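Asks: The structure under discussion is supplied below as structure tokens; questions concerning it will follow.
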Amino acid sequence: MQVYLVGGAVRDKILGYPYHEHDWVVVGATAEAMLAKGFTPVGKDFPVFLHPTTKEEYALARTERKTAPGYTGFAFYASPEVSLEEDLIRRDLTINAMAEDAQGQLFDPFNGLQDIHDKKLRHVSDAFSEDPVRILRIARFAARYHHLGFSVAKTTNDLMRTMVESGEADHLVAERAWKEMSRALGERNPEVFFQVLRACGALAKVLPELDQLFGVPQPPEHHPEIDTGVHSLMVLQQACLLSNDTCVRFAALVHDLGKGKTPPDKWPRHINHERLGLPLIKAMCKRLAVPNDCRDLALLASQFHTQVHRAFELRPATVLKLIKQTDALRRPERFAQLLQVCEADSRGRTGFELREYPQAPYLQRALEHCQQVDVKTLVASGLQGLELGTAIDAARLQQLAQWQQQHKGQTQ
């Protein structure tokens, strides 16, 4: 029985990149031998075991054979005769197909170390094309290591494009797509994830609503970058500077989906794109099984981002309506997220990246003034139902009107 550290831990140790998980491959062992040593089986389709102390995963060396389309269509074979190299060749990237023994000796049969030096994401073998999820994984690794200078090898991009054209990418499971996408959204450069998918044609399969934004023009006086798809990725970049929250980043990415519905004869204007985006976001989120909190923030960002941008033009009654429609009084933390998305939208334009966004603190202050209304006193006065709601709104309007006057006096 020989035990090897494999995959991400080996890769990131060489890169000097932080890692937390350790995956192990066991060569020359049987399931019975693992059980005898106190390991707990967890693998349903292939033999994976948890270490009795560390609870880290130990997998028996195995080979695989394609049996059906999609990422689940594989048959696995584990045996003491399966070699380390046979196990490593089934992995996706050369940089993920390295192993290290207990003495720290590196086993690198597919030149992963050279690809680390060359900063290339390269597939191990043509077996890569048998699993469509690997397209998403490549894109995610490209997002993770972009700041280190990594890019997808041309031969690998060509293979990914062939997978798309052959229909293999049509078998991507939506929930798995969201899993990879949400992980990519947590990286330093998530925009690269979508750029890589688009470069091989997979974006049109996974996120057609986003893909159709590329090539759609916007008014150059407001959007010097012109292209709506380019703008969407720029907004995502800016969102990453403002927040680590996956929902904020997702909402920033999809806030302008409605512009893909504008008839070409109406370009570059996009009238009512805010509402046109709502059914697109709902359909996308349902298809990908996006969590409700991310879906709801995305819907708010689509519907209200233009109104937030025009905050200083809004009358007190319109400000109060915005606060109520976004449920900001009950969900102030989500309102703050919405303002972050809107700030990212404003800055996600060529030449606007460093511009201040005073609308965010302005509307945050407006919410605080509405919160200052003493609702308990109004309830204690005996008001109920519609009368109570009207009195609360009137008190909040008075607060907003007085504050707006003070704000105008301070800024003149």
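Asks: As a test of the formula, what do you get for the chain when each DSSP H run with n ≥ 4 contributes -39,500 (n - 2.57) and the sum is divided by the residue count, at 222 nm and rounded to the nearest 500 deg cm²/dmol? Show your work: numbers first, answer last.
Replies: Numbers: 19 runs with 211 residues, N = 412.
After summing the helix terms and dividing by residue count, I get -15500 deg cm²/dmol.
Asks: Exactly which trypsin sites (Lys or Arg not before Pro) in segment 248-356 are in a DSSP loop and have at most 12 other Cβ atoms within 10 Å?
Replies: Working: sites: Arg249, Lys259, Lys261, Lys266, Arg269, Arg275, Lys282, Lys286, Arg287, Arg295, Arg310, Lys321, Lys324, Arg330, Arg334, Arg347, Arg349, Arg355; in loops: Arg269, Arg310, Arg330, Arg349, Arg355.
Sites meeting the loop and neighbour criteria: Arg269, Arg310, Arg330, Arg355.
Asks: Next question. Evaluate the charge dipole of segment 208-371 about its Cα centre and quote only its size in Debye, nearest 20, assuming +1 on the Cβ of each Lys and Arg and -1 on the Cβ of each Asp and Glu. All intermediate terms of the calculation are to be shown ahead of the outcome.
Replies: Details: 21 positive and 19 negative charges, 117 e Å.
Charge dipole of segment 208-371: 560 debye, to the nearest 20.
Asks: Could you work out the longest stretch of the chain that avoids the GluC sites (Glu not before Pro) located in DSSP loops with at most 16 other Cβ atoms within 10 Å?
Replies: Numbers: sites that count: Glu21, Glu56, Glu81, Glu221, Glu353, Glu356.
The segment 82-220 is the longest one with no such site.
Asks: Using the Kirkwood radius over C-alpha pairs as Rh, can you work out the diffusion coefficient of segment 208-371 via Stokes-Einstein at 25 °C, viscosity 0.890 mPa s, in µm² per second? Present the calculation step by step, with values, prior to reporting the outcome.
Replies: Numbers: Rh = 15.8 Å.
This corresponds to a translational diffusion coefficient of 155 µm²/s.
Asks: In whole angstrom, and with the biggest value first, how far do the Cα coordinates of the chain range along each principal axis?
Replies: Taking max minus min along each principal axis of the Cα atoms, the chain gives 80, 54, 37 Å.
Asks: Using a Förster distance of 35 angstrom, determine the FRET efficiency expected from the C-beta separation of His117 and Leu241, and round it to 0.05. Display every interim value, and only then the final one.
Replies: Working: r = 30 Å, r/R0 = 0.86.
So the FRET efficiency works out to roughly 0.70.
Asks: Using the Cα centre of the chain as the reference point, and only Cβ charges (+1 on K/R, -1 on D/E), how large is the resulting charge dipole? Debye, rounded to the nearest 20. Please list the in-between numbers first.
Replies: Numbers: 49 positive and 51 negative charges, 284 e Å.
So the dipole magnitude of the chain works out to roughly 1360 debye.
Asks: To the nearest 0.05, what FRET efficiency results for Ala394 and Ala174 with a Förster distance of 45 Å applied to their C-beta separation?
Replies: According to the calculation, E is roughly 0.40.
Asks: Of the listed pairs Lys13/Lys119; Lys179/Lys205; Lys266/Lys286; Lys119/Lys205; Lys261/Lys282, which have alpha-carbon separations greater than 18 Å here? It would help to have the intermediate numbers written out before the result.
Replies: Numbers: Lys13/Lys119 15 Å; Lys179/Lys205 16 Å; Lys266/Lys286 29 Å; Lys119/Lys205 28 Å; Lys261/Lys282 15 Å.
Violating the 18 Å Cα-Cα cut-off are Lys266/Lys286; Lys119/Lys205.
Asks: Determine the sum of side-chain charges near Ala184: Lys and Arg each +1, Asp and Glu each -1, restricted to other residues whose C-beta is under 11 angstrom from that of Ala184. Walk me through the numbers before you get to the answer.
Replies: Values: positive: Arg137, Arg140, Arg144, Lys179, Arg183, Arg188, Arg249; negative: Glu180, Glu187, Glu191.
Net charge in that neighbourhood comes out at +4.
Asks: Something else about it: What's the exposure ranking of Ile323, Ile89, going from fewest to most Cβ atoms within 10 Å? Write out the running numbers ahead of the final one.
Replies: Numbers: Ile323 21, Ile89 16.
Placing the least packed residue first, the sequence is Ile89, Ile323.
Asks: Here is a further query. Could you list the residues of segment 207-233 with an amide nitrogen less than 15 Å from a label point located 7 Å from the Cα of His309 in the Cα-to-C-beta direction?
Replies: So the set is 217-233.
Asks: Would you calculate the volume per residue, in Å³, of the smallest convex hull containing every Cα atom of segment 372-412?
Replies: Numbers: hull volume 2.0 nm³, N = 41.
So the per-residue Cα hull volume is 50 Å³.
Asks: Ratio of segment 277-323's C-alpha Rg to 2.2 N^0.38 Å, to two decimals?
Replies: Segment 277-323 yields a ratio of 1.39.
Asks: Can you give me the pair-distance distribution of segment 204-299, C-alpha pairs, 10 Å bins, whole percents?
Replies: Reading upward from the zero bin: 17, 49, 30, 4.
Asks: Using Cβ counts within 10 Å as a stand-in for footprinting exposure, how do His123, His171, His20 rank, fewest first? Each step should come with its number before you reach the end.
Replies: Working: His123 23, His171 17, His20 7.
By the 10 Å Cβ count, ascending: His20, His171, His123.
Asks: Which values, in whole Å and largest first, are the semi-axes of the equivalent ellipsoid of segment 83-170 obtained as the square root of 5 times each eigenvalue of the Cα gyration tensor?
Replies: Values: eigenvalues 108, 53, 19 Å².
Working through the eigenvalues yields semi-axes of 23, 16, 10 Å.
Asks: Work out the charge dipole of the chain with +1 on the Cβ of Lys and Arg and -1 on the Cβ of Asp and Glu about the Cα centre, then indicate which of Ala177, Val124, Leu299 is farthest towards its positive end.
Replies: After comparing all options, I get Leu299.
Asks: Another question, then. Gaussian network model of the chain, Cα springs within a sub-10 Å range: biggest mean-square fluctuation belongs to which of Phe250, Phe39, Phe110?
Replies: Phe39
Asks: Per q in 0.17, 0.18, 0.20 1/Å, what log10 I(q)/I(0) does a Debye calculation on the alpha-carbon atoms of segment 142-274 return?
Replies: Debye curve over Cα of segment 142-274, log10 I(q)/I(0) at q = 0.17, 0.18, 0.20 Å⁻¹: -0.98, -1.08, -1.25.
Asks: Relative to 2.2 N^0.38 Å, what does the C-alpha radius of gyration of segment 1-141 come to as a ratio? Two decimals please. Each step should come with its number before you reach the end.
Replies: Values: Rg = 14.9 Å, N = 141, 2.2 N^0.38 = 14.4 Å.
In units of the globular-protein estimate, segment 1-141 measures up at 1.04.
Asks: Please compute the length gained on full extension between Asp293 and Thr162, using 0.36 nm multiplied by the number of residues separating them and subtracting their Cα-Cα distance. Working shown, then result.
Replies: Numbers: separation 131, 0.36 × 131 = 47.16 nm, distance 3.58 nm.
In short, 43.6 nm is gained.
Read-outs: derived from the displayed coordinates by stated rules, not from any lab. Everything numeric in this text was worked out from a predicted model, so none of it was measured. Ideal geometry is used to build each Cβ from the backbone, glycine not excepted, and the neighbour counts take in all protein chains shown.
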